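**Q** Quick one: this structure, given as structure tokens, is what I'll be asking you about.
The values are calculated or read from the model by the stated rules, or taken from the named source; none is laboratory data. Here the structure is a predicted model, which is why all the values come from computation and not from measurement. Cβ atoms come from the backbone with ideal geometry, glycine included; neighbour counts cover every protein chain shown.
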Amino acid sequence: EPARAEVDVQRRDRSRRHHTATHLLHRALKDVLGEGTSQQGSYVGPDSLRFDFNYQRAMSPEQLDEVAAIINDRGMDDLPVDWEIVPLDRARQMGAVMMFGEKYGDEVRVVSIGDYSRELCGGTHTHHSGELGSVLIAAEHGIGSGKRRIVAYAGRAALAHLRQRLETLESLATRVGARTTEELPQRIESLLEEVESLKRELQRRQQQQAHASAAQLAARARDVRGVKVVAEAVSGASRDELERMIDAVRQDLGSGVVVLGVVVDGRINFAAGVTRDLLSRVRAGDVIKEVAARAGGRGGGRPEFATGGGTQPERLGDALQHAFTVVDQALSSG
């Protein structure tokens, strides 16, 4: 049955630009990174190109700029893009780049971009390098051990990508209160300084709150064989805040044992601290191990400070009450 094939000329032309740009990119990478750099895979489409190559580390901004400059310079040179079918041995003599491990027939197609690039290739290309327009390298990143990937755009696709970037910058400028995109770096720097200032203020207030809470907790300490013991539930504290509260309560007690617990997202976080004068008799790691086990969890740590977790938040009160028993047993045996 007869069939009719139609070629989308505009789509093919966009793909041609990206394909020819890929050849220039391959050659430029060899010039900048060394002849050992070779293609590991690629994608050529109407809207972008991807090029995978072997290299052991991220390319520097200077290297990427140099590669981009080479490609665009060769484009402005408007070099002729020619192709010919030659015997494989002849292609080798011409210095044509070949894919390692690829099996070729007796005759191959060699695509040359002036005297700059020469590769075996069966794909569609522009007639001159000047047809590429601008080529923009948008990204370079790792895709595996010793493998990197470059994403780039040529011609109208490069302009579209630049326009999208500019729109993003303009949106960001509006969002952070900059009048122009040129003011964006200064405005972001100012906001970062403001954030750091707010962080310091928040930390100062948290410390004040921790000390205030510590005084209240220390005031509720129980006497266990002559040792002050605090075992309390607190609310809304992170692990770091728990540690700060432990330090603050120990400081207020002067001498004693502190065990705190908080429920976060359906789980219990425990922390325990022991003042230095009692370490020969009570160890925080031993205390937290017993307390956490009471709530279906585990714990451990240093003699002076330890943390743990529990999976049964409904048993938080029982676990903290058990802390007094654990300390009593440790003191009686010590």
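Each row is one residue, and each column tells you yes or no for (1) out of contact with any helix residue (DSSP H, G or I) (no Cβ under 8 Å at 6 or more places or on another chain); (2) in the same structural domain as Ser60 (by TED's automatic domain parsing); (3) among the charged types (D, E, K, R); (4) surrounded by 15 or more Cβ atoms within 10 Å (Cβ to Cβ).
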| site | (1), (2), (3), (4) |
| --- | --- |
| Val108 | no, yes, no, yes |
| Ser129 | no, yes, no, yes |
| Gly142 | yes, yes, no, no |
| Gln164 | yes, yes, no, no |
| Glu189 | yes, no, yes, no |
| Leu192 | yes, no, no, no |
| Leu202 | yes, no, no, no |
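**Q** Can I ask one more? With the structure loaded, tell me whether Arg267 is without any contact (Cβ under 8 Å) to a residue 60 or more places away in the chain, more than 15 Å from Lys228 (Cβ to Cβ) and among the basic types (Lys, Arg) or whether it fails that test.
**A** The answer is yes for Arg267.
**Q** Is it the case that some residue within the stretch 57-74 is over 16 Å from Ile150 (Cβ atoms), of a type outside the set (Gly, Ala, Ser), in contact (Cβ under 8 Å) with a residue 60 or more places away in the chain and crowded, with 19+ Cβ neighbours inside 10 Å?
**A** There is no residue in the stretch 57-74 that is over 16 Å from Ile150 (Cβ atoms), of a type outside the set (Gly, Ala, Ser), in contact (Cβ under 8 Å) with a residue 60 or more places away in the chain and crowded, with 19+ Cβ neighbours inside 10 Å.
**Q** Having 3 or more residues that are within 16 Å of Glu140 (Cβ to Cβ) is the bar; report the strands (runs of 3 or more DSSP E) wholly within the stretch 1-119 that clear it.
**A** Filter on the stretch 1-119 gives 39-44, 49-54.
**Q** Looking only at the stretch 228-254, which residues are touching a strand residue (DSSP E or B) at 6+ places or on another chain (Cβ under 6 Å) and assigned to a loop (DSSP other than H, G, I, E, B)?
**A** Listed by number, the residues that qualify are Val234, Ala237.
**Q** Considering only residues that are among the small types (Gly, Ala, Ser) and buried (at least 19 other Cβ atoms within 10 Å of the Cβ), look in the stretch 253-284 and name the one that is nearest to Arg220 (Cα to Cα).
**A** Gly256
**Q** Check whether at least one residue in the stretch 159-166 is in a loop (DSSP other than H, G, I, E, B) and modelled with pLDDT of 95 or more, and report yes or no.
**A** No: the stretch 159-166 contains no residue that is in a loop (DSSP other than H, G, I, E, B) and modelled with pLDDT of 95 or more.
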